[in-house]
1. Within the range 15-33, can you find the residues that are among the aliphatic types (A, V, I, L, M) and surrounded by fewer than 22 Cβ atoms within 10 Å (Cβ to Cβ)?
2. Quick test of your reading of the structure: R245 fulfils all but one of (1) surrounded by fewer than 17 Cβ atoms within 10 Å (Cβ to Cβ); (2) more than 24 Å from H31 (Cα to Cα); (3) within 15 Å of the chain's Cα centre (by Cα). Name the failing condition by number.
3. With the requirement that a residue be more than 14 Å from L108 (Cβ to Cβ) and either within 21 Å of the chain's Cα centre (by Cα) or at pLDDT below 85 (or both), what does the range 15-29 give you?
4. Kindly indicate the residue of the range 199-227 that is open to solvent by 20 Å² or more (accessible area, probe 1.4 Å) and within 14 Å of P168 (Cα to Cα) and also nearest to the chain's Cα centre (by Cα) among those meeting that condition.
5. Restricting to the range 21-33, name every residue that is in contact (Cβ under 8 Å) with a residue 24 or more places away in the chain and not in a loop (DSSP other than H, G, I, E, B).
6. Exactly one condition in (1) in a helix (DSSP H, G or I); (2) open to solvent by 20 Å² or more (accessible area, probe 1.4 Å); (3) more than 29 Å from A40 (Cβ to Cβ) is false for G279; which is it?
7. So, in the range 185-198, how many residues would count as being surrounded by 21 or more Cβ atoms within 10 Å (Cβ to Cβ) and touching a helix residue (DSSP H, G or I) at 6+ places or on another chain (Cβ under 9 Å)?
Amino acid sequence: MSEDREGDFQLVTLRSGARAVRDVRRGEVMHPAGGPWEEARRLYADQLGVRGRAALESPMPLRVLDVGLGAAANAAAVLSAASEGPVPRRAIELCSLELDLSPLRLALRAPEAFPFLVPWRPALEALLARGEWAGESVRWTLLQGDARETIRAVPAGQELVLFDPFSPRANPELWSPDFLARVRERCLADPPGALLATYSAATPTRVSLLLAGFFVGAGAPTAGKRETTLAATRLESLPAPLGARWIQRWRRSPARAPHGLPWSDDLEARLLAHPQFAGVASG
């Protein structure tokens, strides 16, 4: 097997000059715009406020759910950001879900292309070898397999969710209200609540999240997107929650249904009854 290929995945060079991993079968590139490190830092580590969460005075560890480990850019960005925050810091429990570990093996073979993984190489090699690693104030677990099954083994009380599966077109099951409801069940409900970030700003994605029980808002831009999506278990956690204008656009949209389900009057009633839209959904 060539050095730049592992299973269905290969290394590619983006227009920005950054290296990334491409799924040959699906035809999708992981972090296709500014490269994996830029997107991982901006979309996940910064937007989710990792430094602040790690610095909170709490006897409970900071639990982070990583849905779609891929080449580990998101996980590395979160761990690196936490290590840059104030001292003392909370312990971190990171749980990664992944079906195919080929992208990670490929990235580890090319340290010059993924230098941000170098500090975490011992951890990543341990994950590949035995599915877990423990360092100073960090415990990292890998649950390999279909996320619809492995989600059952994720501990409750997750504060931050890095939601980064392949696109709804390529992997619709993980974007469905059913799977996202299972993610929501694992999230921290008590203050400060949980946050979920994802790159998709599509209307069906936001409908899926709302029907799964999240509050949903506009997320930070990235190099390739004017807007992403930020969801939360508490409405006050969102800097830009969806409101009346989004409901108006949604009513006119040809893509009103969530991922994986046909539209129905029942789904419409459920969405309009969401507490996020109290007082704005009628009319």
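The values are calculated or read from the model by the stated rules, or taken from the named source; none is laboratory data. Bear in mind that the values here come from a model prediction, so they are computed numbers and not experimental data. A quick note on method: Cβ atoms are made from the backbone with ideal geometry, for glycine too, and the neighbour counts reach across all protein chains shown. What goes into the accessible areas is simple: the full protein's heavy atoms, side chains included, and nothing from ligands, DNA or RNA. Shrake-Rupley method; radii C 1.70, N 1.55, O 1.52, S 1.80 Å.
1. A18, V24, V29, A33, listed by residue number.
2. Single failed check for R245: (3).
3. R15, S16, G17, A18, A20, R22, D23, R25, R26, G27, E28, V29
4. For the range 199-227, the residue satisfying everything is Y199.
5. Scanning the range 21-33 gives V21, D23, E28.
6. Only one criterion in (1) in a helix (DSSP H, G or I); (2) open to solvent by 20 Å² or more (accessible area, probe 1.4 Å); (3) more than 29 Å from A40 (Cβ to Cβ) is unmet by G279, namely (1).
7. The number of residues fulfilling the criteria is 5.
Conditions (1) among the acidic types (D, E); (2) over 23 Å from P172 (Cα atoms); (3) assigned to a loop (DSSP other than H, G, I, E, B); (4) out of contact with any Leu (no Cβ under 6 Å at 6 or more places or on another chain), marked per residue:
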| site | (1), (2), (3), (4) |
| --- | --- |
| T229 | no, no, no, yes |
| I247 | no, yes, no, yes |
| P258 | no, no, yes, no |
| P262 | no, no, yes, yes |
| D266 | yes, no, no, yes |
